[in-house]
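Everything on this sheet refers to the single structure shown next.
The values are calculated or read from the model by the stated rules, or taken from the named source; none is laboratory data. It should be emphasised that the depicted structure is a prediction, and the values quoted were computed from it without experimental measurement. All Cβ positions, even for glycine, are placed from backbone atoms using ideal geometry, and neighbour counts span all protein chains on display.
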Amino acid sequence: MTKVPSRAPSGTASWLQRGWRLCLMLVLLVASLGVTQMAVAQADPDREMTTAAPGITADQWRQVRSGETGPNYRDSRHESNYNLINASGETWRILRNRWVSPFGMIAIGGMAALIALFYFIVGRKYLEEPRTGRLLLRWSLLMRALHWTVATLFITLALTGLNLLLGKFVFRSLFGDAVWGWMVSASKVLHNYLGPIFGVLLVIMLISLIKENIPKKHDWVWFKKGGGMIGKGHVDAGFCNGGEKAWYWLLASVGILVVASGFVLDFPNFDQGRDTMQWANIIHAVGALGLTAVSLGHIYIGTLGTEGALEGMTTGYVDETWAKEHHNLWYEEVKDQAISEEEIAARKAGDSGEHSAANSAAKPS
């Protein structure tokens, strides 16, 4: 049986990787500082008010807030129980602009900086033993399709949500009102229509994976040992390790809360009041910003951070060595099912041949 060596770098390649990591860390640190500065600017109420309604004086705002009407401003809604500016609305604006937006962006920028620092200091997690060339099926085609659909929707919703929340302080000044107007309009449509689809698919995915994510005693040991970074030896893990289960239950709790609050915002035709909508907006923003920050760690570990992890979600198969080092308890359950790459290629070729033969037989002579 041919063993494929692990691809851990050495010598000159190692120094080149360290230099590349340093450059990446500096870029991410600069980006996170820029994001933080933008978030602080977002927290400035005077700047926000000037951007939202230029040319309105403090006296005019005071008159409108007190409920006065005049030839240039009035509450045009029929039998409205609110003034144009009311105490609850002002509380919502302060929470959203002074607290939620800036601290959410600081969390995202800080997470990006921490990941860059971790990558620079620790580097990628390579396999300790050579690959065996024998593979185990980890993810079915259906589950991979579901995962990538949910992941794509998550990223799209995160980007459009950030644009709706903070884009006016970046893109409006860069591209002008016309382009900014198109961008925010497109973001709003995408966010509103893709959100419910994401919610439904997220629930389906959570139900499909609940069996593999039930907490076990060894998961606590996994956390105590920092996923294997503290102490010697590998940490026991089943199909999902402690970190993956934590991400699952975060999605099952905060994720569902974000989806539920999103439905409240997406469907105002069920007579929910303004106060309900405002609190739903705060809950939605806090949860979504938190999930976005944590998702950066999930994305890093599943792609750049761990050798072999991405292969499982792209091809469906993982090498025996990867399974033993990262999910040893699961490996013991399925090790008899390992097959070689040649066998997989032969199966695919056979399936392709059968499909071609079936198509040929179906054609009229």
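List of remarks:
- The condition of being of a type outside the set (D, E), assigned by TED's automatic domain parsing to the domain that holds K324, in a helix (DSSP H, G or I) and surrounded by 15 or more Cβ atoms within 10 Å (Cβ to Cβ) holds for only one of A252, A237, that being A252.
- Matching residues, region 134-185, being small (G, A, S), closer than 19 Å to D266 by Cβ and surrounded by fewer than 16 Cβ atoms within 10 Å (Cβ to Cβ): S185
Okay, residues lined up against (1) more than 27 Å from I106 (Cα to Cα); (2) in contact with a strand residue (DSSP E or B) (Cβ under 7 Å, 6 or more places away or on another chain):
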residue: F267; (1), (2): yes, no
residue: A280; (1), (2): no, no
residue: T292; (1), (2): no, no
residue: H298; (1), (2): no, no
residue: I301; (1), (2): no, no
residue: T314; (1), (2): yes, no
residue: Y317; (1), (2): yes, yes
residue: E325; (1), (2): yes, no
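- Count of region 187-232 residues, restricted to those that are assigned to a helix (DSSP H, G or I) and in contact (Cβ under 8 Å) with a residue 24 or more places away in the chain, is 23.
- Scanning region 96-117 for residues that are without any contact (Cβ under 8 Å) to a residue 60 or more places away in the chain, under 27 Å from Q278 (Cβ atoms) and not basic (K, R) turns up N97, W99.
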